Amino acid sequence: MKFDIGKEERFSEFIKNLNDKDKIALISHTDLDGIVAAYVTDSVIGADIVKFVNYDELNQELVDYLKEENVTKVVFTDLYLRNPWFLKSLEEFAYIMILDHHLADKDWNSDKTVFIKCEDGICAGYLCYWLFSKVKDINVLDWLVACSCISDYCHIKTSDWLGKTFHK
């Protein structure tokens with residue numbers, strides 16, 4: 001898989017550095033792709049908080065909530081983050097990872113943020129499945145990820161994988 005933004009090594013480093021002392025929040029979009037991406041991600045990282053949001057909920061209220069909950073790591077899936085103040089506010093108390101597939105006009109990677117944006121034509125559910133499959137055997141989730149690919153019209157670049165999944 002190709003990444004338009006970010007490096008797989010930074011993903012691996014973020015995951016490797018998760019520990020029992022971390023309080024992890026997983027924030028994802030409310031559509032099927034976001035739900036699948038979150039489910040796949042949570043099956044590996046075991047987040048303490050899982051929250052599904054729409055774009056208008058990426059605001060100060062969410063920042064305040066995560067801070068009050070003493071969150072130390074925030075993972076976003078299937079959400080295009082566009083506001084620098086939002087990320088900077090979160091970076092004051094947490095490390096961040098963003099796994100997304102939407103068009104992005106900025107590379108948010110920093111010392112505290114890992115941003116991976118996959119190539120066009122790949123959905124967030126498949127991106128998460130592809131990355132987290134390298135950490136843990138999650139093949140049982142392939143059918144769910146196939147639904148994500150189809151629902152987000154991301155079935156062309158994944159057609160070989162989808163064919164094998166459908167055959168299975």
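Calculated FRET efficiency, residue 110 and residue 16, Cβ-Cβ r, R0 22 Å, to nearest 0.05? Each step should come with its number before you reach the end.
On the way: r = 18 Å, r/R0 = 0.84.
Calculated value: 0.75.
At 1.4 Å probe radius, can you tell me the per residue accessible area of the stretch 34-168 in Å²?
Values: 6590 Å² over 135 residues.
Value returned for the stretch 34-168: 49 Å² of accessible area per residue.
For the chain, calculate the relative contact order in percent as a whole number, restricting contacts to Cα pairs under 8 Å that are 6 or more residues apart. Kindly include the intermediate steps, with their values, before the conclusion.
Numbers: 282 pairs, mean separation 44.9, N = 168.
This gives 27 percent for the chain.
Could you give the dipole magnitude of the stretch 1-152 about its Cα centre, charging the beta-carbon of Lys and Arg +1 and that of Asp and Glu -1, in debye to the nearest 20? Could you put the intermediate results ahead of the total?
Numbers: 16 positive and 28 negative charges, 84 e Å.
With only Lys, Arg, Asp and Glu charged at Cβ, the dipole is about 400 debye.
DSSP loop (so not H, G, I, E, B), at most 13 other Cβ within 10 Å: list which trypsin sites (Lys or Arg not before Pro) in the stretch 4-96 pass both filters.
Values: sites: 7, 10, 16, 21, 23, 51, 67, 73, 82, 88; in loops: 7, 21, 23, 82.
Taking the stretch 4-96 and a limit of 13 other Cβ atoms within 10 Å, the loop trypsin sites (Lys or Arg not before Pro) found are 7, 21.
Computed from these coordinates, which is percent of Cα pairs over 25 Å apart: (i) 25; (ii) 57; (iii) 43?
(i)
Determine ³J(HN,Hα), in whole Hz, for all residues of the stretch 128-140 in sequence, where each value follows from phi through the Karplus function 6.51 cos²θ - 1.76 cosθ + 1.60 and θ = phi - 60°; x replaces Gly and Pro.
Per residue, the Karplus-derived 3J(HN,Hα) values read 5, 4, 4, 5, 6, 5, 7, 9, 8, 6, 10, 4, 4 Hz.
Compare 147, 128 by solvent-accessible area with a 1.4 Å probe and give them largest first, with all protein chains kept in place. Numbers along the way, then the final one.
Details: 147 60, 128 0 Å².
Result, largest first: 147, 128.
Counting only residues 5 or more places away or on other chains, whose amide H sits under 5 Å from the amide H of residue 98 once H atoms are built in the peptide plane?
Correct list: 76, 114, 115, 116.
Just the number, please: carbon plus sulfur as a percent of the accessible area of the chain, 1.4 Å probe, no ligands or DNA/RNA counted. Walk me through the numbers on the way to the answer.
Details: 4350 of 8570 Å².
The nonpolar share, carbon plus sulfur, comes to 51 percent.
Based solely on its DSSP helices, what 222 nm [θ] is calculated for the chain when runs of n ≥ 4 H residues each add -39,500 (n - 2.57) and the sum is averaged over all residues, nearest 500 deg cm²/dmol? Each step should come with its number before you reach the end.
Working: 7 runs with 68 residues, N = 168.
Using -39500 (n - 2.57) per qualifying helix, the result is -12000 deg cm²/dmol.
Select from 130, 108, 85 the residue whose mean-square fluctuation is largest in a Gaussian network model of the chain (Cα-Cα springs shorter than 10 Å).
Looking only at 130, 108, 85, the biggest GNM fluctuation is shown by 85.
The values are calculated or read from the model by the stated rules, or taken from the named source; none is laboratory data. All values reported here derive from a predicted model rather than from experimental measurement. Cβ atoms come from the backbone with ideal geometry, glycine included; neighbour counts cover every protein chain shown. With ligands, DNA and RNA removed, areas are computed over all heavy atoms of the protein, side chains included. Shrake-Rupley method; radii C 1.70, N 1.55, O 1.52, S 1.80 Å.
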